[in-house]
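> One structure is given below, represented as structure tokens, and several questions about it will come after.
The values are calculated or read from the model by the stated rules, or taken from the named source; none is laboratory data. On a predicted model such as this, the values are computed, not experimentally measured, just so you know. Every residue, glycine as well, gets a Cβ built from its backbone with ideal geometry; the counts of neighbours run over all protein chains shown. When the accessible area is computed, the model is the full protein with side chains, heavy atoms only, and any ligands, DNA or RNA have been set aside. Shrake-Rupley method; radii C 1.70, N 1.55, O 1.52, S 1.80 Å.
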Amino acid sequence: MIRLPLVLTFAAVLFATGVYGVLARRNAVLVLMSIELMLNAVNINLIAFSQHLQQITGQVFALFVIAVAAAEVGIGLAIVILIYRNRETINVDEVNLLKW
Amino acid sequence: MSSQEIAFVIVAVAGTFGAFRVVSARNVVHAALYLVVTLSSVGIVYLLLAAEFVAWVQILIYVGAIVILFLFGLMLAKAPIGREALDNQRRGVAFIVGLAVFGGLFYLLQDAFSWERSDVQLAPGTAASVGTSIFRDFVLPFEAVSFLLLAALIGAIVLSRKDDAP
């Protein structure tokens with residue numbers, strides 16, 4: 001049996017790393033990768049609490065999160081490729097079309 | 001510490017190293033490959049927590065599909081190399097925010113959950129039990145997710161095709 005706070009600490013490390021990556025990276029694909037890190041941290045928490053509370057519901061929701069993450073990456077990369085085709089850059093701080 | 005916990009710590013250290021390299025690598029392809037390390041170690045963590053179905057889904061979807069999608073995205077867009085091209089000028093602030101997030105989460109879970117060993121028996125999350133739960137309690141969300149995936153598929157095709165296509 002793995003103690004719960006150990007697992008939650010690993011998830012917290014992954015989440016904080018993802019937050020740092022989202023804020024510090026300027027390449028859009030790397031920002032998407034950091035978002036994946038955060039979603040994985042959430043999934044670890046869902047699985048850990050599912051086993052801690054002896055309920056399978058957490059694992060079902062982890063599957064839903066994985067499906068939504070797959071959809072998000074597909075759409076996100078399509079948008080990134082579209083931006084690259086139009087602007088020749090995928091740096092998120094240079095794409096300021098909606099900024100006023 | 002039990003043998004499971006020792007295995008967990010080893011896997012977690014590998015996953016943490018991979019995550020740090022994902023956010024600090026100077027080559028985007030290397031970042032994607034380090035993402036494989038992190039996602040695989042997360043999958044092994046699921047296995048150690050006896051959630052076997054989610055673990056295999058994690059390996060199949062994340063390592064098998066999403067990382068390949070990332071590599072295709074990097075292939076189709078220009079992948080510059082170097083810290084200045086990949087990081088912005090606010091690394092210090094981002095580091096402080098990340099550290100604050102970790103500190104806050106760590107404080108919260110230290111406060112809320114004890115390190116006492118509990119005798120909970122791990123129930124294996126087999127495909128049978130997960131499937132029973134999905135199709136007994138979560139049929140509508142399941143259909144909504146399948147519709148979302150279909151919409152995302154069509155949306156990605158529409159977004160990324162050339163404008164002069166018929």
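> Since residue A:84 meets every condition but one in (1) in contact with a Leu (Cβ under 9 Å, 6 or more places away or on another chain); (2) closer than 19 Å to residue A:41 by Cβ; (3) open to solvent by less than 70 Å² (accessible area, probe 1.4 Å), which condition does it not meet?
All conditions pass for residue A:84, except number (2).
> Follow-up. So, in region A:2-46, exactly how many residues are under 16 Å from residue B:11 (Cβ atoms) and not in a helix (DSSP H, G or I)?
Residues in region A:2-46 being under 16 Å from residue B:11 (Cβ atoms) and not in a helix (DSSP H, G or I): 2 in total.
> Right, something else. Being under 29 Å from residue B:154 (Cβ atoms) and either within 16 Å of the chain's Cα centre (by Cα) or in contact (Cβ under 8 Å) with a residue 12 or more places away in the chain (or both) narrows it down to one residue among A:58, A:74, A:21; which is it?
A:74
> Can you pull out every residue in region A:33-57 that is within 7 Å of chain B (Cβ to nearest Cβ) and open to solvent by 10 Å² or more (accessible area, probe 1.4 Å)?
Hits for region A:33-57 are A:52, A:54, A:56, A:57.
> Would you say residue B:92 is without any contact (Cβ under 8 Å) to a residue 12 or more places away in the chain, surrounded by fewer than 12 Cβ atoms within 10 Å (Cβ to Cβ), more than 8 Å from chain A (Cβ to nearest Cβ) and under 23 Å from residue A:13 (Cα atoms)?
Spelling it out, residue B:92 is indeed without any contact (Cβ under 8 Å) to a residue 12 or more places away in the chain, surrounded by fewer than 12 Cβ atoms within 10 Å (Cβ to Cβ), more than 8 Å from chain A (Cβ to nearest Cβ) and under 23 Å from residue A:13 (Cα atoms).
> Please go through region B:107-130 and pick out each residue that is more than 8 Å from chain A (Cβ to nearest Cβ), assigned to a helix (DSSP H, G or I) and either among the charged types (D, E, K, R) or touching a residue at least 60 places away in the same chain (Cβ under 8 Å) (or both).
B:111, B:127, listed by residue number.
> A further question on this structure: Got at least one residue in region B:152-162 being of a type in the set (Val, Ile, Thr), part of a helix (DSSP H, G or I) and open to solvent by less than 70 Å² (accessible area, probe 1.4 Å)?
Applying the first criterion (of a type in the set (Val, Ile, Thr)) to region B:152-162 yields B:154, B:157-158.
So of that shortlist, the ones also part of a helix (DSSP H, G or I) come out as B:154, B:157-158.
Checking the rest, the ones that are also open to solvent by less than 70 Å² (accessible area, probe 1.4 Å) come to none.
No, because not a single residue in region B:152-162 is of a type in the set (Val, Ile, Thr), part of a helix (DSSP H, G or I) and open to solvent by less than 70 Å² (accessible area, probe 1.4 Å).
> Moving to a separate point now. Which residue pairs have Cβ atoms closer than 6 Å, lie 6 or more positions apart in sequence or on different chains, and pair a first residue in region A:83-100 that is within 16 Å of residue B:159 (Cα to Cα) and away from every other protein chain (no Cβ under 11 Å) with a second residue that is modelled with pLDDT under 80 and outside any loop (DSSP other than H, G, I, E, B)?
No pair meets every condition.
So that you can scan it fast, the table gives a plain yes or no per residue for (1) surrounded by 13 or more Cβ atoms within 10 Å (Cβ to Cβ); (2) touching a residue at least 40 places away in the same chain (Cβ under 8 Å):
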| site | (1), (2) |
| --- | --- |
| B:54 | yes, yes |
| B:61 | yes, no |
| B:66 | yes, no |
| B:84 | no, no |
| B:87 | yes, no |
| B:99 | yes, no |
| B:105 | yes, no |
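> Considering only residues that are facing another protein chain (nearest Cβ under 7 Å) and open to solvent by 30 Å² or more (accessible area, probe 1.4 Å), look in region B:68-77 and name the one that is modelled with the highest pLDDT. Talk me through it step by step, then tell me what you get.
Just the residues of region B:68-77 that are facing another protein chain (nearest Cβ under 7 Å), to begin with: B:69-70, B:73-74, B:76-77.
Checking which are open to solvent by 30 Å² or more (accessible area, probe 1.4 Å) leaves us with B:69, B:76.
Numbers: B:69: 90, B:76: 83.
Per the stated criteria, the residue is B:69.
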